[in-house]
Amino acid sequence: METKTLSLPLILSQNGECERCVNRLQESLTLIKGVESATINVERATLMLSYDPNLVSLSRLEGLARDLGAGISRRFIHETLTITDIDCADCAAKLEGAIARLPGVLYVSVNPVTAGMRLEYEADQISRGAIVACIQELGYRVVEPSAMVGAGQRISVFRISGMDCADCALTIERNVAAMPGVRKAKVNFAAARLTVWHAPQVVPEEVARAVEQTGYGASPETSQAVAAEAPFWRRNRRALLTAGSGLSLVLGFILSLLGVSSLLSTAAYALAMVLGGYLIARSGLYSLWRSRTIDMNLLMTIAALGAAAIGEWAEGATVVLLFSLGNTLEGYTMDRARGAIRAIMELAPNTARVRRGNNELTLATEEVQVGDVVVVRPGEKIPMDGEVVGGSSVVNQASVTGESVPVEKGLGDEVFAGTLNERGYLEVRVTKPYRETTLAKIIQLVEEAQAQKAPSQRFVDRFAHYYTPAVIAIAVALALVPWLLFGQPFGFWFYRALVLLVISCPCALVISTPVSIVSGIASAARAAVLIKGGAYLEAAGALKVLAFDKTGTLTVGRPQVTDVVSLGKYAADEIIHLAAAVEGRSEHPLAAAVLRRSNDVNKRSDHRHEVTDFEAVTGKGVQATLDGETYYVGSPRLFQELGKLSSEAERIIERFQSEGKTVLLVGTAQELLGIIGVSDHLRAGAGTAIAELRRDGIQRLVMLTGDNEGTTRAIAQQAGVDEYRAGLLPEAKVEAVKELLSRYGKVGMVGDGVNDAPALAAATVGIAMGAAGTDVALETADIALMADDLGKLPYAMGLSRKALGIIKQNIAFSLVIKALFLAMTFPGWITLWLAIVADMGASLLVTLNGMRLLGYDGAKRRDKSSSDVV
């Protein structure tokens, strides 16, 4: 575990409840996976935090601290930069290592797939400008983020067409930023979006023309117009240079076969090297000049020039062509992986139709305020999270919850940004600002997850750190030792050294894990399953034991009152009203069942009580004062402690529990007044999900609940779990998870993410169900199933297992290929062009293998499993 220890300044509450806020903050932070300890010094207003940056980001910790009333100051900065010119995983590793060594940098992770750098640094030790300058010195460029918008400024967003590389994005930015009245221009290369901060007098048409002058198309995102295509050569620059190199190489071969002057064939080969090697040599020389490091591009350049120096023009040109072709194909496959993430980011509309007074205004979603009423017509996407206040419709929520069947929405129902209003007219009162919508949080979590490094990736990075310099040293020795000590021909051994240099690059090994992680996370997000990083994707794939909460997880979580038995002076209806009055402030599902029954009874009678002094008795029930007398509603354990359980009551309780019902007792400190039987039922498809998990390799399934033995036994038998533990208080659930960990090593915990937060945090992987719209579930869980659907769990486990298998395949394949070709280099069995084929071929194969996860379909797997069972 890589641990960072920080002392963070806090802005603490001044409302007299600081101590409670502080305790809550400490407890909540320590529940987050990856946080080792959190201690607050109230006098100094500081938080001492020890955490693993590969499991949890500083931004996530800061957000949680701010939500709980203690904001971390701006001293510690976290942001994600988009880096251009990253051609391979070796470049990413080199850049990451250089930035990590800067003083004040707390964490850095460069993802070669998404071309993103996640940074966390201390502002009083190093400035952002110094970090950007270092990146530029290493030969890379940063797509600058926006500055804060000042008074009198506006933001316009455009969709760009024709961009084929990050250099294109930088060209657009510079051209637009140079316009009068434009303060800042930012291009999101992955999403093909241009954001412009400008004065009111700058009109969108002027910005679009400025973009078109650089050779690309631009249209405002609020417009339905289709952006003009950029010139073909601009969109395919690398491919065209590669094609030109190939044609020149073929021409050289033809001239050689025809016996034409060797000068002409050599010129054709040289042209092939120039066309195919321009971008390669530029990148390699940047690395050497700026950072004094040797990357794959420089090795290819040296190999091509070395071949030319010893008269192997044809082979040098072939090396350049194959390497350029490999980069082109790798760029294409990487763009597919980036496209999967980009598709998630583009789910929500950028504008909303807002009703203010008697007017309807079309505003950017960033400008919509909480409380505004948004109008959504049939066929339109809902732009903001909110509550329906007018109309009714059917909404397709697949983009957020993964539900395949559209859901009916009416007055009071919750709706999510990015979901589709299929038919009907809706008026939605906005309940969350744009950046706090469920979809925005999903996008943020997916972006953070891409940057989190899995254990296998950290192993590969450490391996490559020692492997590459060692091979370079061997190559130098191979070129010089035979020549200097044994009088061997220099050209012969120099050629073998060039081959060794080419084959030594660990591109395939370094790219093997991140491309699989990004593809797996993107595929899961499309299915409304959020996996918060490669560490959790791998850990879930290795699980053998799953523990489940019962209520709301294996069961529907909407229990119904089935029996009411009066034991004293009150009738059954009055027992229900007393229980409902006491339970009125409780959020427990059993309390909701009592309140629903009370509402039904209220249609026939009117019972009202003055309720004061409500208090929860942890794990046992609740109490409150009604009309001056204290009443209790809770489990048999509570009334056993009060000493009010008669033999008759125990018989009724035993009978209800044997029927699989949960028992609630109602009474005072003096007498037991009545017994309420409540029954929940197993989720539809729970048995199927349990069976699929077994087929996927889960060896032990355990149910943990605070419910009684009889009810728990009945549900366990229906669900088909291996064992159950009943009557557990929240802290006892945590102990149960720890005991399972000691027995099995790795344990996943599945719950609702709210009541089960401590147990989710204690498990190897915490999995929350029904996380859509539930902030606590999104924060607490390592994997969040957005839909309240247990069927998503086998999908998540299956995807994780497949991802873990692909990662192992890629690493093993990369190491075997390297070892094999390195061994064949010394006898001279490998030529330069074969070395290139081996290196680029291996990189492409592991990339394509990892991208198979983008097409993972758990439904097809389940259908096949079902047919196998039949």
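Details
- Filter pass, Ile521 being β-branched (Val, Ile, Thr), touching an Asp or Glu at 6+ places or on another chain (Cβ under 8 Å) and closer than 30 Å to Ala842 by Cβ: no
- Sole residue being outside any loop (DSSP other than H, G, I, E, B), surrounded by 15 or more Cβ atoms within 10 Å (Cβ to Cβ) and modelled with pLDDT of 80 or more, chosen from Val622, Val601: Val622
- Pairs linking a residue in region 733-751 that is in contact (Cβ under 8 Å) with a residue 12 or more places away in the chain to a residue that is of a type in the set (D, E, K, R) and open to solvent by 40 Å² or more (accessible area, probe 1.4 Å), with Cβ atoms under 7 Å and 6 or more positions apart or on different chains, are Ala736/Arg725; Tyr744/Lys544; Tyr744/Arg700; Lys746/Lys544.
Residue-wise test of (1) modelled with pLDDT under 90; (2) farther than 24 Å from Glu739 by Cα.
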position: Ala540; (1), (2): no, no
position: Leu546; (1), (2): no, no
position: Asp549; (1), (2): yes, no
position: Arg558; (1), (2): yes, yes
position: Val565; (1), (2): no, yes
position: Gly568; (1), (2): yes, yes
position: Ala572; (1), (2): yes, yes
position: Ile575; (1), (2): no, yes
position: Ala581; (1), (2): yes, yes
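- Among residues of region 411-430 being assigned to a loop (DSSP other than H, G, I, E, B) and of a type in the set (A, V, I, L, M), the one that is most open to solvent (accessible area, probe 1.4 Å) is Leu411.
- Scanning region 516-530 turns up no residue that is open to solvent by 30 Å² or more (accessible area, probe 1.4 Å) and in contact with a Leu (Cβ under 8 Å, 6 or more places away or on another chain).
- Residue count for region 262-282 satisfying the condition of being open to solvent by 60 Å² or more (accessible area, probe 1.4 Å) and more than 30 Å from Ile172 (Cβ to Cβ): 4.
- Hits in region 660-708 (condition: open to solvent by 40 Å² or more (accessible area, probe 1.4 Å), under 27 Å from Ala732 (Cα atoms), in contact (Cβ under 8 Å) with a residue 40 or more places away in the chain and not polar (S, T, N, Q)): His681, Arg700, Gly706
- Qualifying residue in region 495-512 (condition: more than 30 Å from Asn396 (Cα to Cα) and assigned to a loop (DSSP other than H, G, I, E, B)): yes
- Subset of region 378-410 [open to solvent by 50 Å² or more (accessible area, probe 1.4 Å), of a type in the set (A, V, I, L, M) and at pLDDT below 90]: Val405
- Test result for Val368, β-branched (Val, Ile, Thr), closer than 22 Å to Ile155 by Cα and either at pLDDT 90 or above or open to solvent by 20 Å² or more (accessible area, probe 1.4 Å) (or both): no
- Test: residue in region 633-653 that is assigned to a strand (DSSP E or B) and open to solvent by 10 Å² or more (accessible area, probe 1.4 Å): no
- Residue in region 840-861 that is over 28 Å from Gly246 (Cα atoms), basic (Lys, Arg) and buried (at least 16 other Cβ atoms within 10 Å of the Cβ) present: yes
- Number of residues in region 561-579 that are in contact with a Ser or Thr (Cβ under 6 Å, 6 or more places away or on another chain) and open to solvent by 10 Å² or more (accessible area, probe 1.4 Å): the value is 2.
- Pair list, Cβ < 6 Å and 6+ apart or interchain, from region 205-216 residues that are open to solvent by less than 20 Å² (accessible area, probe 1.4 Å) to residues that are outside any helix (DSSP H, G or I) and at pLDDT 75 or above: Val207/Val196; Ala208/Ala218; Ala210/Met179; Val211/Ala218; Tyr216/Ile160
The values are calculated or read from the model by the stated rules, or taken from the named source; none is laboratory data. Keep in mind that what you see is a predicted model, and the values were worked out from it rather than measured. When we count neighbours, we look across all protein chains shown, and the Cβ atoms used for this are built from the backbone with ideal geometry, even at glycine. When the accessible area is computed, the model is the full protein with side chains, heavy atoms only, and any ligands, DNA or RNA have been set aside. Shrake-Rupley method; radii C 1.70, N 1.55, O 1.52, S 1.80 Å.
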